[in-house]
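Chemist: There's a structure below that I have some questions on.
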């Protein structure tokens, strides 16, 4: 049986109270501010107010692991102890930012913690930890299958004391947000290197750098995910100083691999939170609606669906906790089998749970009157984000054959 630390349990209680007091009552106000904003990708006043409250209560940067505890006064939780906190935040899609625990910034902050030099940390990590700015991670490209990261084609060439970038990126989360000030960009700096995994580098490109253009916002199943958004970018002779490289030339793939383990688990944790809340509101609904002279909760098919949802959520939660525990014990690399298993299983399982809950809500489940449709969209795009299902299935299968074959 799993046991969370006293610190985690205390945070769980405090966070649950904050959600009840500050987040759930403001869901409608948040949507109103977003719908009435002249710019859908501008920062919302409500978000800034809630962030101040969360920071004042110490509910801030909770994702920071013990290995990087020097960067926050609040976090220092293991992956295992952070899991139930991320689950609570996942109950409302926009709430992770309130606690400075939202993607892609958590992963980007870890990149700076692990791989940034002191100057890069001072300029970018510190304001990110304070929540003053936001960031984007630019890897996916429209013209190649970016599920194989070695395929990226954006050109990074050195000319004197500068790196010159040319190429395209798309589905870059956070790029539309007015608070986003820095892009971590992966491209090819040594395309002829004999090792496909040493051809890439990652460089820092501040927003507003000449040659960097935001072409258009993109949607997923019709959702623009404002105010963060997902965007298509173009780099045309975009120049940054040579010191803007991360870790070193040819180490871009290494950084990408080091970034994704915890982030994949964070998505799974949040998805479980959305599914748990979906089950709760659905159980309430079926006791108040009647068809054919009986409450929905008295129909066998409804009861079967509810039980399946409960089982799927519990199985997903236990798999994530097991993966997190292994990450804490042996590191993300050695836990990559369980990370892959969770990344494959949880988004598609939660997608099915949300689908059942939407069905039990009737046509209203497809609308914006509940969070269900938006949560379904999140689950669906998580099956592509941080690597599609098939890539993780292939990698996990290879590991199993090597270990057991």
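The values are calculated or read from the model by the stated rules, or taken from the named source; none is laboratory data. On a predicted model such as this, the values are computed, not experimentally measured, just so you know. Don't worry about glycine lacking a Cβ; one is built from the backbone with ideal geometry, like all the others, and counts go over all protein chains shown.
Chemist: Hey, does the stretch 279-287 have a residue that's surrounded by fewer than 16 Cβ atoms within 10 Å (Cβ to Cβ) and either assigned to a loop (DSSP other than H, G, I, E, B) or not assigned by TED's automatic domain parsing to the domain that holds residue 381 (or both)?
Modeler: yes
Chemist: Go through the stretch 27-71 and count every residue that is within 21 Å of the chain's Cα centre (by Cα), farther than 16 Å from residue 8 by Cα and outside any helix (DSSP H, G or I).
Modeler: 5
Chemist: Would a scan of the stretch 73-95 turn up a residue that is farther than 27 Å from residue 369 by Cβ, surrounded by fewer than 18 Cβ atoms within 10 Å (Cβ to Cβ) and outside the structural domain of residue 321 (by TED's automatic domain parsing)? Explain how you work it out, then say what you get.
Modeler: Filtering the stretch 73-95 down to residues farther than 27 Å from residue 369 by Cβ leaves 73-85.
With the extra rule that they be surrounded by fewer than 18 Cβ atoms within 10 Å (Cβ to Cβ), the set shrinks to 73.
Restricting the remaining residues to those that are outside the structural domain of residue 321 (by TED's automatic domain parsing) gives 73.
Yes, that holds for at least one residue.
Chemist: Being closer than 12 Å to residue 180 by Cβ, out of contact with any strand residue (DSSP E or B) (no Cβ under 7 Å at 6 or more places or on another chain) and not in a strand (DSSP E or B), is that true of even one residue in the stretch 209-224?
Modeler: Within the stretch 209-224 (the criterion being closer than 12 Å to residue 180 by Cβ, out of contact with any strand residue (DSSP E or B) (no Cβ under 7 Å at 6 or more places or on another chain) and not in a strand (DSSP E or B)), the answer is no, since none of the residues qualifies.
Chemist: So how many residues does the stretch 234-259 have that are out of contact with any helix residue (DSSP H, G or I) (no Cβ under 7 Å at 6 or more places or on another chain) and either within 30 Å of residue 78 (Cα to Cα) or part of a loop (DSSP other than H, G, I, E, B) (or both)?
Modeler: Number satisfying all stated conditions: 7.
Chemist: Determine whether residue 4 is over 21 Å from the mean Cα position of the chain (by Cα), in contact (Cβ under 8 Å) with a residue 12 or more places away in the chain, surrounded by 14 or more Cβ atoms within 10 Å (Cβ to Cβ) and not in a helix (DSSP H, G or I). Write out each step before concluding.
Modeler: Numbers: over 21 Å from the mean Cα position of the chain (by Cα): yes; in contact (Cβ under 8 Å) with a residue 12 or more places away in the chain: yes; surrounded by 14 or more Cβ atoms within 10 Å (Cβ to Cβ): yes; not in a helix (DSSP H, G or I): yes.
Considered against the rule, which asks whether it is over 21 Å from the mean Cα position of the chain (by Cα), in contact (Cβ under 8 Å) with a residue 12 or more places away in the chain, surrounded by 14 or more Cβ atoms within 10 Å (Cβ to Cβ) and not in a helix (DSSP H, G or I), residue 4 comes out as yes.
Chemist: Considering every residue within the stretch 310-320, establish whether at least one is without any contact (Cβ under 8 Å) to a residue 12 or more places away in the chain and either more than 30 Å from residue 5 (Cβ to Cβ) or in contact with a helix residue (DSSP H, G or I) (Cβ under 7 Å, 6 or more places away or on another chain) (or both).
Modeler: no
Chemist: Is at least one residue of the stretch 134-146 surrounded by 23 or more Cβ atoms within 10 Å (Cβ to Cβ), out of contact with any helix residue (DSSP H, G or I) (no Cβ under 8 Å at 6 or more places or on another chain) and not assigned by TED's automatic domain parsing to the domain that holds residue 97?
Modeler: Yes, the conditions are met somewhere in the stretch 134-146.
Chemist: Of all residues in the stretch 188-208, how many are within 13 Å of residue 240 (Cβ to Cβ), in contact with a strand residue (DSSP E or B) (Cβ under 6 Å, 6 or more places away or on another chain) and not in a strand (DSSP E or B)?
Modeler: The total comes to 2.
Chemist: Now a separate question. Do we have any residue at all in the stretch 353-374 that's touching a strand residue (DSSP E or B) at 6+ places or on another chain (Cβ under 9 Å) and assigned to a helix (DSSP H, G or I)?
Modeler: Just the residues of the stretch 353-374 that are touching a strand residue (DSSP E or B) at 6+ places or on another chain (Cβ under 9 Å), to begin with: 373-374.
The next check asks that each one be assigned to a helix (DSSP H, G or I); those that pass are 373-374.
Checking the stretch 353-374: at least one residue is touching a strand residue (DSSP E or B) at 6+ places or on another chain (Cβ under 9 Å) and assigned to a helix (DSSP H, G or I).
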